[in-house]
1. So for the pair Glu45, Leu89, with labels modelled 7 Å out along Cα→Cβ, what separation do we get in nm?
2. At 7 Å along Cα-to-Cβ for each site, give me the label-to-label distance between Lys37 and Glu82 in nm.
3. Probe of 1.4 angstrom, ligands and nucleic acids ignored: what's the accessible area per residue over the range 1-102, in square angstrom?
4. How do the peptides 60-72, 24-36 rank, highest first, by the average count of neighbouring beta carbon atoms within 10 Å per residue?
5. Carbon and sulfur atoms: what percent of the 1.4 Å accessible area of the range 56-105 do they account for?
Amino acid sequence: MFGIPGRSAVTLTPSAARQIARLMARDGSEGLRIGVKKGGCAGMEYTMDYVAEVNPLDEVVEQDGARVLIAPMAQMFLIGTEIDYETDLLSAGFKFRNPNVAEACGCGESIKFKDQPSA
């Protein structure tokens, strides 16, 4: 919908691809749908949900056995994003490196996007 021909809207690090493939196999899902919604202290939050069935309007990104589906309303906010899966002594989780983000709260869960020029 908003993608650049010949390029994936998002990329996955090898660590993220392995984790998503594991989650898909464990739950028997078709992939993980990524979106954004209003919320959090900065105004927007990322969402991730298991997908039982692919929506024909989703942007589908497949890499190394992992399938990520980008919800239609989130596509313009996620173009150019790299998704990683990081683990440390106290936590593990997905990290979004999104060039469209202007601000993020201290916990990293809430984001504010750069203003988009009007058409």
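1. For the pair Glu45/Leu89, the computed spacing is 2.9 nm.
2. 2.9 nm
3. 58 Å²
4. So the peptides 60-72, 24-36, ranked by packing, come out 60-72, 24-36.
5. On the way: 1530 of 2800 Å².
Here it works out to 55 percent.
The values are calculated or read from the model by the stated rules, or taken from the named source; none is laboratory data. Predicted, not measured: the structure shown is a model, and the values here were computed from it. Glycine gets a Cβ as well: all are built from the backbone with ideal geometry, and neighbour counts include every protein chain shown. These accessible areas exclude ligands, DNA and RNA; they are computed on the full protein's heavy atoms, side chains included. Shrake-Rupley method; radii C 1.70, N 1.55, O 1.52, S 1.80 Å.
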